[in-house]
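The values are calculated or read from the model by the stated rules, or taken from the named source; none is laboratory data. What you see is a predicted model, and the numbers here were worked out from it, not measured in a lab. Every residue, glycine as well, gets a Cβ built from its backbone with ideal geometry; the counts of neighbours run over all protein chains shown.
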Amino acid sequence: MDGRSISPLVGEIDGGCAFAIAPESPADVPAREALLDRAMGPKRKRKSSEKLRRGRQPAEGLAYVARGPGGSLVGTVRLWDVRLGEAGEPALLLGPLAVDPQMKGEGVGTALMRHAIAEARQRGHAAILLVGDAPYYARFGFSAEKTGELSMPGPYERERFLALELVSGTLDGAHGVLKAARRNGRSEALARAA
């Protein structure tokens with residue numbers, strides 16, 4: 001998205017084949033969508049998180065892909081600008097994180113998560129939220145400890161609503177329903193015209 005070359009070699013798959021993480025580009029969209037369909041199934045677009053993403057662009061500079069041998073897309077992660085309920089404080093919503101089913105267990109998802117968290121921190125974001133498997137995301141510091149007073153728009157499993165504070169205390173007192181923020185197609189066009 002911002003054209004920077006990121007971590008040209010971050011891991012190995014298939015016993016020695018390297019994979020690289022790079023910013024997502026518009027040319028990656030068809031491969032990303034196909035990967036998401038394979039990894040998450042046809043019901044992926046009905047999730048509550050999708051309501052916060054629909055019609056919007058990911059947060060500036062926070063959409064990444066992992067490329068395997070020959071440049072094939074083997075993983076994706078994106079972060080989205082949201083507002084924390086009633087107070088409207090900014091945060092990020094992570095998702096979806098997806099890895100090609102043939103590459104599960106090879107470290108691609110872990111590398112994408114670590115990269116996304118580090119980039120969000122470097123760009124000055126204070127908190128990341130997601131809906132996902134608590135045991136998997138706990139290793140990155142996510143927990144449901146500070147999401148009790150927050151909620152997603154639409155149905156979701158409360159125990160899977162997790163958060164990571166990048167700045168301690170960011171989620172103290174946060175309450176209400178998450179709301180989409182910034183970077184929709186219309187506001188982007190208006191910003192460029194101004």
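Within the set of pairs 6 or more residues apart or between chains, which connect a residue that is under 17 Å from Leu166 (Cα atoms) inside region 93-119 to a residue that is part of a helix (DSSP H, G or I) and among the β-branched types (Val, Ile, Thr) with Cβ atoms less than 9 Å apart?
Leu94/Ile117
Is it the case that region 139-149 has a residue that's outside any loop (DSSP other than H, G, I, E, B) and either in contact with an Asp or Glu (Cβ under 9 Å, 6 or more places away or on another chain) or under 15 Å from Leu178 (Cβ atoms) (or both)?
Looking for residues that are outside any loop (DSSP other than H, G, I, E, B) and either in contact with an Asp or Glu (Cβ under 9 Å, 6 or more places away or on another chain) or under 15 Å from Leu178 (Cβ atoms) (or both), one finds none in region 139-149, hence no.
Residue by residue, here is whether (1) part of a helix (DSSP H, G or I); (2) among the β-branched types (Val, Ile, Thr); (3) buried (at least 22 other Cβ atoms within 10 Å of the Cβ) holds:
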{"site": "Lys51", "(1), (2), (3)": "yes, no, no"}
{"site": "Gly70", "(1), (2), (3)": "yes, no, no"}
{"site": "Val74", "(1), (2), (3)": "no, yes, yes"}
{"site": "Val77", "(1), (2), (3)": "no, yes, yes"}
{"site": "Val82", "(1), (2), (3)": "no, yes, yes"}
{"site": "Ala87", "(1), (2), (3)": "no, no, no"}
{"site": "Ala118", "(1), (2), (3)": "yes, no, no"}
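Residue-by-condition table, conditions (1) among the aromatic types (Phe, Trp, Tyr); (2) more than 21 Å from Met152 (Cα to Cα); (3) at pLDDT 90 or above:
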site	(1), (2), (3)
Pro26	no, yes, yes
Arg32	no, yes, yes
Asp37	no, yes, no
Arg46	no, no, no
Ser49	no, no, no
Arg53	no, no, no
Gln57	no, no, yes
Gly61	no, yes, yes
Ala66	no, yes, yes
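Just the residues that are modelled with pLDDT of 95 or more and within 14 Å of Gly95 (Cβ to Cβ), please, taken from region 134-159.
Correct list: Tyr136, Tyr137, Phe140, Phe142.
If Gly185 satisfies all but one of (1) farther than 19 Å from Arg54 by Cα; (2) at pLDDT below 95, what's the number of the condition it fails?
(1)
Take region 119-149 and flag every residue that is small (Gly, Ala, Ser) and within 13 Å of the chain's Cα centre (by Cα).
Ala120, Ala127, Gly132
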